[in-house]
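Please treat every number below as a calculation from the coordinates, not as lab data. The structure presented is a predicted model; accordingly, all values stated were derived computationally and were not measured. Positions of Cβ are backbone-derived with ideal geometry, glycine not excepted, and every protein chain shown enters the neighbour counts.
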């Protein structure tokens, strides 16, 4: 089957388990990856990812393709993650550079000396701690923008806010990261 997501949801609503399996296959890694980044717990991410697809299956007959299916799935994930934050007050993090951009840490590892690598690792750990302290919506916005490379419009739909509010969330998160990075650099200079 080489159907669009909308067609697969239509078939799923009619009870076509193969269509549903194909939807899960298409989107599982993206949803699971985002869940892992938000929760920092693979087991819990797996559980919530399964819940996302179970809820999507149950709501297939009510699905209206106003946005991309993946955006709708991220919206379901957002609600589940926020509920989890409320229940257990867990924290999440992701690797984001000092100016809020995502980076593949392996590119740093291959190009750095052992001392530089150690300093970069310390920097990333510091940034992770700051991200852990961001409010959940800011944290989610950073993850969806930096790791999932979603547009402001898609992030706005997922978070249930306007595009300007999304930009504001990302700006505040980046400002927090920038100030934390400056503090980290000052502490580093004091150590020398």
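Can you give the relative contact order of segment 1-92 as a percent, counting alpha carbon pairs under 8 Å and 6+ residues apart?
Numbers: 73 pairs, mean separation 30.9, N = 92.
Relative contact order here is 34 percent.
Under a crude label model (7 Å from the Cα following the beta-carbon direction), how far is residue 57 from residue 153 in nanometres?
In this crude label model, residue 57 to residue 153 measures out at 3.2 nm.
Calculate log10 I(q)/I(0) of segment 1-92 for q = 0.15, 0.22, 0.25 Å⁻¹, where I(q) comes from the Debye formula with a single equal point scatterer on each Cα and nothing for solvent.
The calculated log intensity ratios at q = 0.15, 0.22, 0.25 Å⁻¹ are -0.55, -1.03, -1.24.
Among 38, 179, what is the fewest-to-most ranking by other Cβ atoms within 10 Å?
Values: 38 30, 179 12.
So the residues, fewest neighbours to most, are 179, 38.
Subtract the Cα-Cα distance of residue 66 and residue 17 from 0.36 nm times their separation in residues, and report this length gain in nm to one decimal.
On the way: separation 49, 0.36 × 49 = 17.64 nm, distance 2.31 nm.
This chain segment gains 15.3 nm when fully extended.
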